[in-house]
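K.L.:
One structure, as structure tokens, below. Some questions next.
The values are calculated or read from the model by the stated rules, or taken from the named source; none is laboratory data. This one's a predicted model, so the numbers in the text were calculated from it and none came from an experiment. When we count neighbours, we look across all protein chains shown, and the Cβ atoms used for this are built from the backbone with ideal geometry, even at glycine.
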């Protein structure tokens, strides 16, 4: 079978190399990372739940939140409750690190994505949520045995309105998305894989402590502004939008799907270059 070659390489190999070149190009990675931030704010602004005054009701997360933040009976029960959620957090961290990450994912399943310490923080975070949920039910059992404590039973109701919950979610989304996008920016300005890209910006970014100072100053400043805007409703999306970008349940579902796909693209575009983090 005749093999067509172009400059010494098979055509298919050159196509793969060309695709990877543009797929991992700094502009491609930056656009994808910052679009995720924009789409998340757009879905927050368009979602009717952001203006809802009904009680926030979120399974598992609601239990963890109300277990820590509210529904304290008073007296000795407060001490017991704080002791139990502290114990749940410590148990979740140790179980996530040694039981799930090292033993189950590392030794038993031998998943490469969890080799050494890779992904340990994510596993520890989710295992902490799991144990907070479990310990909240143990605490509920203590309340049921005592009797007449039904108002303090921990359930999926968070004790806040959906409007406030969505504001908390928006702040958390901003921290996750912008830190990711800003770290991608930091990596691209340190990378030498595309020497013709951003020569002036990369030279300035690497000079002295410019990178560390700019990274943290921009992050702290923008985060402070975003938190103030979200919590005070200083900017009203409805007044700015005026029906220009109307949405319904289907369009918001597609938007959420785009966010998921773009999050996966960020992971797929990433590659290990031995680049320093923002701390040094």
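K.L.:
Residue 140: free of Cβ contacts under 8 Å to residues at least 24 places away in the same chain, out of contact with any strand residue (DSSP E or B) (no Cβ under 9 Å at 6 or more places or on another chain), crowded, with 16+ Cβ neighbours inside 10 Å and under 30 Å from residue 83 (Cβ atoms), yes or no?
P.N.:
Yes: the conditions hold for residue 140.
K.L.:
I would also like to ask the following. In the stretch 70-123, what residues are in a loop (DSSP other than H, G, I, E, B) and under 22 Å from residue 146 (Cα atoms)?
P.N.:
70, 71, 72, 73, 74, 75
K.L.:
Mind checking which residues of the stretch 187-199 are exposed (fewer than 13 other Cβ atoms within 10 Å of the Cβ) and either touching a helix residue (DSSP H, G or I) at 6+ places or on another chain (Cβ under 7 Å) or in a helix (DSSP H, G or I) (or both)?
P.N.:
Passing the criteria: only 199.
K.L.:
Suppose we keep only residues that are assigned to a helix (DSSP H, G or I) and modelled with pLDDT of 90 or more within the stretch 146-162. Which one would you say is farthest from residue 262 (Cα to Cα)?
P.N.:
Going through the qualifying residues, I end up with 152.
K.L.:
State whether one or more residues within the stretch 93-114 are at positive phi and touching a helix residue (DSSP H, G or I) at 6+ places or on another chain (Cβ under 9 Å).
P.N.:
no
K.L.:
Quick one: how many residues across the stretch 115-139 are over 18 Å from the mean Cα position of the chain (by Cα) and at positive phi?
P.N.:
1
K.L.:
With the structure loaded, tell me whether residue 220 is within 30 Å of residue 66 (Cα to Cα) and surrounded by 14 or more Cβ atoms within 10 Å (Cβ to Cβ) or whether it fails that test.
P.N.:
Here the answer is no, as residue 220 does not meet what is asked.
K.L.:
Among the listed residues 210, 162, 148, which satisfies the condition of being surrounded by fewer than 18 Cβ atoms within 10 Å (Cβ to Cβ) and either within 30 Å of residue 61 (Cβ to Cβ) or in contact (Cβ under 8 Å) with a residue 40 or more places away in the chain (or both)?
P.N.:
So the residue among 210, 162, 148 that is surrounded by fewer than 18 Cβ atoms within 10 Å (Cβ to Cβ) and either within 30 Å of residue 61 (Cβ to Cβ) or in contact (Cβ under 8 Å) with a residue 40 or more places away in the chain (or both) is 148.
K.L.:
If you don't mind, there's one more thing I want to ask. List, please: which pairs have Cβ atoms under 6 Å, are six or more places apart or on different chains, and start with a residue in the stretch 6-29 that is over 24 Å from residue 262 (Cβ atoms) and end with one that is part of a helix (DSSP H, G or I) and modelled with pLDDT of 65 or more?
P.N.:
Pairs found: 6/14.
K.L.:
Does residue 202 meet the test of being in the same structural domain as residue 39 (by TED's automatic domain parsing), closer than 30 Å to residue 24 by Cα and surrounded by 15 or more Cβ atoms within 10 Å (Cβ to Cβ)?
P.N.:
Yes.
K.L.:
Further, regarding this structure: For the stretch 223-242, what are the residues that are surrounded by 10 or more Cβ atoms within 10 Å (Cβ to Cβ) and not in a helix (DSSP H, G or I)?
P.N.:
Listed by number, the residues that qualify are 233, 235.
K.L.:
Mind checking which residues of the stretch 54-80 are out of contact with any helix residue (DSSP H, G or I) (no Cβ under 6 Å at 6 or more places or on another chain) and in contact (Cβ under 8 Å) with a residue 12 or more places away in the chain?
P.N.:
Of everything in the stretch 54-80, those that are out of contact with any helix residue (DSSP H, G or I) (no Cβ under 6 Å at 6 or more places or on another chain) and in contact (Cβ under 8 Å) with a residue 12 or more places away in the chain turn out to be 55, 57, 58, 59, 61, 62, 65, 66, 69, 70, 77, 80.
K.L.:
Related question: So residue 129 fits all but one of (1) under 29 Å from residue 52 (Cβ atoms); (2) at pLDDT 95 or above; (3) loosely packed, with under 15 Cβ neighbours inside 10 Å; what number is the exception?
P.N.:
Of everything listed in (1) under 29 Å from residue 52 (Cβ atoms); (2) at pLDDT 95 or above; (3) loosely packed, with under 15 Cβ neighbours inside 10 Å, residue 129 misses just condition (3).
K.L.:
If the requirement is being touching a strand residue (DSSP E or B) at 6+ places or on another chain (Cβ under 6 Å) and in a helix (DSSP H, G or I), which of these qualifies: 133, 165, 126?
P.N.:
After ruling out the rest, the residue left standing is 165.
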